[in-house]
Structures are given as structure tokens and as C-alpha cells.
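**Student:** First, the structure itself, so that you have it in front of you.
Nothing in this text is a laboratory measurement; each read-out follows from the coordinates by a stated rule. Just so you know, these numbers come straight off a predicted model, no measurement behind them. With ideal geometry, Cβ positions are generated from the backbone for all residues, glycine too; neighbour counts draw on all protein chains shown.
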Amino acid sequence: MNCREWEERIAGDPEDPGVVSHLADCAGCSVFASGLRETIEWLRDAHREEIAPGAYTAVRARVRSRLEARRRWGWVWAAGVVAAGLVLGVGVRSKMRVEELPAVVLRVPGAPEVKVSAERRMPARKPAWRAGGSLHRKAEEVLVKIETGDPDVVIYWIAETKGDY
Amino acid sequence: MGTLTFTAMALDGTDDFSRTIEAARKGDLDAFEAIVRRYERLVLVTALRLVGSLLDAQDVSQEVFLRLYRNLGKVEAERNFSGWLYRVTVNLCHDLRRRRPEMVAVEDGPELVSGDADPQRQITEAERRRVLAMSLRILAEKERAALVLRDLEGLSTEEVARALGCSEATVRSQISKARVKVREFVERYFRRRE
């Protein structure tokens, strides 16, 4: 294994016994190992430097505003779902109620007593062409009088019986 | 290096934290914000190293925490917030890079704060940040993730393997290659400057 190949091993695990043993014998690799250690330490120090507090504040504010917006929308959604549920529920319930309704019994006040009497109003006029008499029964006008339970209400109408012609 | 991870994981198990999670699960946004505060550095800085741009890293962080909110129950059951957050952060960064392969050039933006008033030191720190960003950019996606989690965030090889969804042997190989590449890059960078 040449020094170039050793470098990756050193970089991977400088505490490895094989590496430690090689470093004791190889000046070049020892320089590389110490240089590597310094570089990592140096970068680590740079990494530890603080970021401006404003950068954190901005993230916090953005997270908070997103969560608050989500919560507001959550309420809107919840209200919408509840409203939709109510509408749906009422619809279903009313449909169910229609189906479950007992048969409706209408209590209609008793019909007025009607007394029907019919009397011949006038003799049917004989048309001239029938004057000679016929076997056929002739149509006659009939006056129908309907007396209701209310003495003030009397219904009349004129009906005509059907003749045979 | 293990301090960050250790601290985060130790906090995962406290009763106080459990109560905070419970409150957040019930919809308490203040409680959730407390959780975000606890892990925001872990998520944002990891994302920044992986995607190379603060704006993208903030987008990723936002999505990570929104997912955390949706999965609080599941994450709590795992009893490993840090592990879950690393995993989701890495996955979202990969998704982002797949969607936008041409990443924005890394700049030494004003987002990074130097605690030192000495101008010379500030320049050194700025350069260090730039070299860090550039050396991460030369790595393949998986090598970068392995290096960031193992060497910068200080996770164990096992934890990195879990976060990346691969074997420990694969992680070792990726880290080894990544370290060699980074070492060569840094050496070349300073040699060119001399």
C-alpha cells in the first residue's frame, strides 16, 4: 500500500491501530494526518460561528404564520364540513321522515245533507218532425234542486235526460 | 464537538420537555415555538452547510419544523428529536438540490455574525467561512452530508448512518473520501494565496 492509499485509511479512522503503526514509520503520512486534523478543526471552528439571530427569527415567524394560517383554514374547513354535514343530515332525516310518516288521516267535516229532488220543469217541446209520435223515448229537461244542511243554500240546476235518438 | 449533540439529546428526555411537547401536540403554538427555539440552530446551520445559501437553508428549516409539527407524536415516540431532525433536514436539502441542481453561489453574506471587533480577525473569520463553504461545495452530495454530520455536527458514525439511511461502512468510506478532498482543497487554497 502506497502513501496515497494510506491517506484514505488515515482520513477514515486515524485511531485505527494499523494507521497508528504506519504513521509512526511514515513521515509523509504523519504530515498528512496532522494537516488533516488541523483542517477539520479549522472548519469546525468556522462551523461554530453564530448566525445572525434575525435568521432564526425569520424562520420562527414563517413557521408560526404558516401554522396560524393552517389553523384558520382548519376552522374554516371544519365549519364547512359541519355545515355540509348538517345540510346532508337534515336532508337525509327529512327524507327518512317522509318515508316513515304514518298514513295521514284527513278529518273532513261532514258533507252537508243534501236532499235531491227532481221535478219536471216543463214538458219537452216536441219538434215538428216528431209530432207524429215515435217509439223512441224523447229527451226531457229536469230541474234538479239540492237542499243542503244550510237552509240558505239551495242549489238548482237544469239537467236533460238523454233520449234514445 | 460532541457537546452540541449531547446537549440536544439530553434535553430530549426531560419532563419539562415532554410537557412542552404535549402542549404543542394539543395545538399550543407557544409551546411549539419553544421546541423550534431549542432546535433551530441544529436545523438551520446543518441546512446552511448542505445547501450553501441562507435563504434556501431558511426554506428548508421552515419545512422541517412544519413537518415536525405534523409528526410531533411520532417523533416523541422515537425519543430522538435530534436524530429525526437531522434525517429530515438532510432529506429536504437533497430534495432541494434535486429540484435546483444549480445552487446559488455561496457568498459571505451579512447573515454571519462575527463576535470580534478586531477588523483583522473579522477578515480571517470571513475567509474561514468562505473556505468552509467552498470546500463543502466540491464534495458529492452524500460525502458532504456525511462530513457535515460527522465532523461539523459531531454525530457518531452510527448516528450519521441512521440519518443518511445507509450502512456505517458506507458512511466511513464517504467521510474518508470527503476528508481527503477537503484537506487537498484547503491546502491548494492557501498555497495559491502564498
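**Student:** Please average, across the residues of A:14-20, the number of beta carbons from any other chain that are within 10 Å of each residue's own beta carbon, and give a whole number.
**Tutor:** 0
**Student:** If you don't mind, another one. R0 = 56 Å: FRET efficiency of B:R41 with A:R93, Cβ-based, nearest 0.05?
**Tutor:** 0.50
**Student:** Could you sort the peptides B:33-44, B:127-138, B:81-92, B:66-77 by per-residue average Cβ neighbour count (10 Å cutoff), highest mean leading?
**Tutor:** B:81-92, B:33-44, B:127-138, B:66-77
**Student:** Tell me, what does the Kirkwood hydrodynamic radius of the stretch A:1-98 come to in angstroms if you use every pair of distinct C-alpha atoms?
**Tutor:** 20.0 Å
**Student:** While we're here: Using a 10 Å cut-off around each Cβ of peptide A:66-72, what is the average number of partner chain Cβ atoms that fall inside?
**Tutor:** Partner-chain Cβ atoms within 10 Å, mean over residues of A:66-72: 3.
**Student:** Evaluate E = 1/(1 + (r/R0)^6) for A:M1 and A:E49, where r is the Cβ-Cβ distance and R0 equals 45 Å; express this FRET efficiency to the nearest 0.05.
**Tutor:** Working from the Cβ atoms, E equals 0.75.
**Student:** Which value in nm describes the separation of the simple spin-label points at A:S21 and A:R70, placed 7 Å from the Cα toward the beta carbon?
**Tutor:** It works out to 5.6 nm between the two label points.
**Student:** For B:37-46, what's the mean count of beta carbons from other chains sitting within 10 Å of each residue's beta carbon?
**Tutor:** Mean partner-chain Cβ count within 10 Å for B:37-46: 3.
**Student:** What's the FRET efficiency of A:A61 with A:L86 using the Cβ-Cβ distance as r and R₀ = 41 Å, to the nearest 0.05?
**Tutor:** 0.65
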